[in-house]
Amino acid sequence: MKGWVLPIVIGVAIAFTIRTFIVSPAHVPSASMYPTIPATSYSNQAFLLENKLATEFGTIHRGEVVIFHWPDKPSELLVKRVIGLPGDTVTVTQDAVYINGKKLIESNPDIAKTNGYAVGTFHVPEGHYFMLGDNRTNSDDSRLWTNKYVARSEIVGEAQVILYPWRSIGLISQSVSATPTRS
């Protein structure tokens, strides 16, 4: 009996450590990142695999899809794309995004070509980030929140793999050629 207890305890400890500190599943309850992260037609949700190490030890970069605690309701996790970095001035118009006066070129075809009517200029404080959903006409993101910016400490991981819906299993694009250029 003692021969199988230790391997089970070790296995549970390893699984707990991996889930807590390295990777864990995440839930996307809306279509705000559609079609980058497709939702199911009947439940409007997707399931992802998040990489906690990517944001814990790496640099957060523009264009990265991250999972974070929503500033307006910290008990809730959201998934959005990082657009504004600390110190940036982000201007969102109906048809473009500007970073520090330079037009943001987003070559990823999954990102909406229009931003809807949620427009404005936002000054990202140090240690914080400005987030947008890829489905910008249907995204509750930094433009609409009471607390507009996500603190670095509230980012819990990078959304890396779509696990569900089954037809969409695969890697999530973290690179959107999101380099501001002169327009």
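Shape class for the stretch 72-182: oblate, because the ratio a/c of the largest to smallest gyration tensor axis (alpha-carbon atoms, square roots of eigenvalues) is 1.5 or more and b/c is at least a/b.
Going by how many other Cβ atoms sit within 10 Å of their own, how do 48, 77, 53 line up, fewest first? Can you show the working numbers first?
Numbers: 48 24, 77 18, 53 13.
Taking fewest neighbouring Cβ atoms as first place, the list is 53, 77, 48.
In plain terms, the residue of 167, 62, 81 with the fewest other Cβ atoms within 10 Å comes first and the most crowded comes last, giving 167, 62, 81.
Placing a pseudo-label 7 Å from each Cα along the Cα-to-Cβ vector at residue 47 and residue 123 gives an inter-label distance of 4.5 nm. Listed by chain and number, the lysines placed with their C-alpha closer than 25 angstrom to that of residue 102 are 80, 113, 148; residues fewer than eight positions away on the same chain are left out.
Coordinate-derived values only; no laboratory data. Values in this document were obtained by computation on a predicted structure and should not be read as measured data. Methodologically, a virtual Cβ is constructed for each residue, glycine included, from the backbone with ideal geometry; neighbour enumeration extends over all protein chains shown.
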